[in-house]
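Notes follow the structure.
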Amino acid sequence: MRVILALCAMGPATAVHAQQIALDLAAITPTETVSYADGRTDPIAVQPVESGGFMTDDGGAMMTGDETAASIDAPSGSMSVVSYNGDRLEVPPPPPPPIDASAPAVPGRSHYGGLRWGGKLRLTNGIATLDGASGGGLAGWGLIAGKETVQGIGGSAHVTYVELPDYNWQSHGAAIGLFDRLELSYARQNLDTLDVGAALGLGRSYVLNQDVWGAKVRLFGSAVYGPPLLPQVAIGVQYKNNLDDAVTQAVGAASDDGTDFYVAATKIFLSQSLLANATVRFTKANQLGLLGFGGDRSDNRSVQFEGSLGYMLSRNLVVGGEYRTKPNNLGIAREDDWWDLFAALALGDHFTLTAAYADLGTIAIADDQRGGLLSLQAGF
């Protein structure tokens, strides 16, 4: 008769903690042996009992009730499984010692010192928005960049291209995630004006440039785990510095730099294969800031909404849509809300490719700016 004994608790490497295990003690005879990790075998002094019960390993003696059933000089370190195969008790080697924070990296392992690399499910770290923060293509989410969990540090880098009838948009940047709690991000945005630049007197293919520096903190909740109706909630700030102040003044913007504040809530319902996000942004950016901040209509921040809804066709593919409202501060450059339909594909554990059909409405003097978005992100 084969009996498996499962030790429920793991002790530190310096001692063996008391552990309770289910055992048919009547099956063990005085001639059995215990086998250790180093190959030694020792006889076990056993007093058979009439019925099974719980046996306690207190670091030297195995007990049932108040009687010593076997005397085992356990090896140093904790044991995870002890099995009785009808011939002998088998004691596996103890687990490796705890990670030393000063230890060097071990090739092929996911640990460095006291940190753990990776751990998030695929696609649950989002992609990079046009602003550089983690989220969807257009909408910011409450997720933290990188593949790390609360035990490690992660990050991502991205490049995004949007082709429109009268403009080409390109952005690239990177973000770092600290313990799935804090995100720091940077993005450079470039808007090629093509023929519109010539019509505005800027010259054909004049490129508008902007730097975006961001920080985000997860306040509470988990996008994947925890109560099903409790989302992951984060607050964020983005400082945007437009590098074309002459253009922002020409279109009537009040400033060439500004700061956005936002609150985002994100939840992934794995059992329903759904992703939902809602973000409230406090901003006065014109076309995300590429046409400056504030204007003749308003120089105050206004509350804007960003929403996303996705369906997980598989662990590697998510499809969905987004909607983002925009302020309308400039009298000569009407601004429309944005929306898109997207598909995000995980290319293994570290790369995500996103394609979308995006409608950006009117940008400056050009209407009906609809086209394709393509983004590639690398994450660790």
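Data table
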read-out: Residues within region 171-197 that are free of Cβ contacts under 8 Å to residues at least 24 places away in the same chain and among the hydroxyl-bearing types (Ser, Thr, Tyr), tallied; value: 0
read-out: Some residue of region 224-243 being over 21 Å from the mean Cα position of the chain (by Cα) and either free of Cβ contacts under 8 Å to residues at least 24 places away in the same chain or part of a loop (DSSP other than H, G, I, E, B) (or both); value: yes
read-out: Qualifying residue in region 294-312 (condition: more than 30 Å from Ala366 (Cβ to Cβ) and surrounded by 17 or more Cβ atoms within 10 Å (Cβ to Cβ)); value: yes
read-out: Qualifying position, being surrounded by fewer than 16 Cβ atoms within 10 Å (Cβ to Cβ), farther than 19 Å from Val251 by Cβ and in contact (Cβ under 8 Å) with a residue 24 or more places away in the chain, among Gly348, Gly331, Gly372, Gly379; value: Gly372
read-out: Scope region 130-171; condition hydrophobic (A, V, I, L, M, F, W, C) and either closer than 18 Å to Val224 by Cβ or part of a strand (DSSP E or B) (or both); matching residues; value: Trp141, Leu143, Ile144, Ala145, Val150, Ile153, Ala157, Val159, Val162, Trp169
read-out: Residue in region 291-312 that is part of a loop (DSSP other than H, G, I, E, B), modelled with pLDDT under 95, in the same structural domain as Ala157 (by TED's automatic domain parsing) and within 23 Å of Leu143 (Cα to Cα) present; value: no
read-out: Unique residue being among the small types (Gly, Ala, Ser), surrounded by 14 or more Cβ atoms within 10 Å (Cβ to Cβ), under 21 Å from Asp244 (Cβ atoms) and out of contact with any His (no Cβ under 6 Å at 6 or more places or on another chain) when the list is Ala199, Ala157, Ala223; value: Ala199
read-out: Selection count where residues are among the aliphatic types (A, V, I, L, M), more than 21 Å from the chain's Cα centre (by Cα) and assigned to a strand (DSSP E or B), scope region 354-373; value: 5
read-out: Filtered residue count, region 271-293, keeping only those that are of a type in the set (S, T, N, Q), more than 25 Å from Arg181 (Cα to Cα) and in contact (Cβ under 8 Å) with a residue 60 or more places away in the chain; value: 1
read-out: Residue identified as in the same structural domain as Leu288 (by TED's automatic domain parsing), at pLDDT 95 or above, within 23 Å of Ala355 (Cβ to Cβ) and surrounded by 23 or more Cβ atoms within 10 Å (Cβ to Cβ) among Gly177, Gly173; value: Gly173
read-out: Test result for Tyr225, in the same structural domain as Ala366 (by TED's automatic domain parsing), among the aromatic types (Phe, Trp, Tyr) and more than 19 Å from Ala139 (Cα to Cα); value: yes
read-out: Single residue of region 254-270 satisfying the filter (touching a residue at least 40 places away in the same chain (Cβ under 8 Å) and not in a strand (DSSP E or B)) that is nearest to the chain's Cα centre (by Cα); value: Leu270
read-out: Members of region 120-153 found to be among the basic types (Lys, Arg) and over 14 Å from Ala174 (Cα atoms), listed by number; value: Lys120, Arg122
read-out: Residues located in region 313-324, provided they are without any contact (Cβ under 8 Å) to a residue 24 or more places away in the chain and surrounded by 17 or more Cβ atoms within 10 Å (Cβ to Cβ); value: Gly321
read-out: Test: residue in region 294-301 that is under 22 Å from Gly173 (Cβ atoms) and either in contact with a Ser or Thr (Cβ under 7 Å, 6 or more places away or on another chain) or not polar (S, T, N, Q) (or both); value: no
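The values are calculated or read from the model by the stated rules, or taken from the named source; none is laboratory data. Quick caveat: nothing in here was measured; it's all calculated off a predicted structure. Heads up, the Cβs are rebuilt from the backbone with ideal geometry, glycines too, and the neighbour counts pull from every protein chain shown.
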